[in-house]
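Read through the structure below, which is laid out as structure tokens, and then see the notes.
The values are calculated or read from the model by the stated rules, or taken from the named source; none is laboratory data. Keep in mind it's a predicted model, so treat the numbers as computed, not measured. Please note: Cβ atoms are built from the backbone with ideal geometry, for glycine as well, and neighbour counts cover all protein chains shown.
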């Protein structure tokens, strides 16, 4: 009973956090399941993927309702990201992951600093950027997808800064659009884990239930959030993930 | 409300009803797991199948939106995304079986 309640609580927290920031929420679920509940990492990741997909469904509709999803940016970026992730996860056995982790860690560190300095652009600038920089943005999303697929980092953490910095989209729209995309890239991974029989059917329901509830609340709150607060939170998440990637890579290398 | 907004609202409405459905479905799965019923696993299994199908249906709704808005490049990209999602699942399954 206590364990089930803890799983539901973890799902609610991950949904709130992920829905608020436009991320998947795996950053909370995987450490909680492995460190606090003693679930094996090979079972925690598929459960986290299932939760990410339902979180996207719950949160993105809230952003969509408020007109904070740019569907014309979303489709090409989702396609680039999914293709990158396919390539990344299939190259898993041929590429030394330590170096990719270090590279991604440096990229995220640079992105975190740029994010703090970045500014929303006026609407006409955004429309111009969307036309002139779409290919570049897709290429970067594709590369981000490859690196994400190689080291198991979700799409949101790459996509939000990309849309904010390259297109000048408002952070709210970037988060709403990202929240939509992570559902699709997560579904591709979930499908594989599920058809391979790797989803733990005892742990998954309470975590998914919590995420469905938390994601809706996170999306509602996120659509009303102050951009400056979101920027600081995203900066903290980027720095944290960058640090974790670097520390794991250095531990393996040294 | 413009025609564009109404068509996007169809997607929002679909997401809203899906959300309610998933709350009930996974609450039932959680309760069944909690009482140790063997049906719990089956309910969760079909819940995940519905989640995956739901994602594809969202993309079809988006494709319908682009078609009605007469935006053929985006319509085709959305269909390509559906194809990429399904193909990626099958491709990665094949890789797993090989390794």
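Just one of the listed residues (A:118, A:38) is farther than 21 Å from residue A:205 by Cβ and surrounded by fewer than 22 Cβ atoms within 10 Å (Cβ to Cβ), and it is A:118. Inclusion of residue B:89 among residues that are surrounded by 16 or more Cβ atoms within 10 Å (Cβ to Cβ), modelled with pLDDT of 90 or more and either in a loop (DSSP other than H, G, I, E, B) or within 10 Å of chain A (Cβ to nearest Cβ) (or both) is not warranted. With the structure loaded, tell me whether residue A:161 is touching a helix residue (DSSP H, G or I) at 6+ places or on another chain (Cβ under 8 Å), surrounded by fewer than 23 Cβ atoms within 10 Å (Cβ to Cβ) and closer than 22 Å to residue A:59 by Cα or whether it fails that test. No; evaluated as a whole, the condition is false for this residue. Please work out if residue A:139 is within 13 Å of another protein chain (Cβ to nearest Cβ), under 30 Å from residue B:8 (Cα atoms) and in contact (Cβ under 8 Å) with a residue 12 or more places away in the chain. Answer is no for this residue.
Residue count for segment A:218-231 under the criterion of being touching a residue at least 60 places away in the same chain (Cβ under 8 Å) and exposed (fewer than 14 other Cβ atoms within 10 Å of the Cβ): the result is 1. For segment B:49-64, the count of residues that are over 13 Å from the mean Cα position of the chain (by Cα) and within 10 Å of chain A (Cβ to nearest Cβ) is nonzero. Going by what's in this entry, would residue B:49 be described as closer than 14 Å to residue A:201 by Cα and assigned to a helix (DSSP H, G or I)? It is true that residue B:49 is closer than 14 Å to residue A:201 by Cα and assigned to a helix (DSSP H, G or I). Only one of the listed residues (B:82, B:23) is within 7 Å of another protein chain (Cβ to nearest Cβ) and in a helix (DSSP H, G or I). That residue is B:23.
Of all the listed residues (A:215, A:183, A:176), the sole one being more than 9 Å from chain B (Cβ to nearest Cβ), crowded, with 24+ Cβ neighbours inside 10 Å and assigned to a helix (DSSP H, G or I) is A:176. Reported count of residues in segment A:92-101, each being modelled with pLDDT under 80 and either at the interface with chain B (Cβ under 10 Å from one of its Cβ atoms) or under 24 Å from residue A:29 (Cβ atoms) (or both), is 3. One residue alone among A:118, A:144, A:88 is touching a residue at least 24 places away in the same chain (Cβ under 8 Å) and closer than 25 Å to residue A:197 by Cα, and that residue is A:88.
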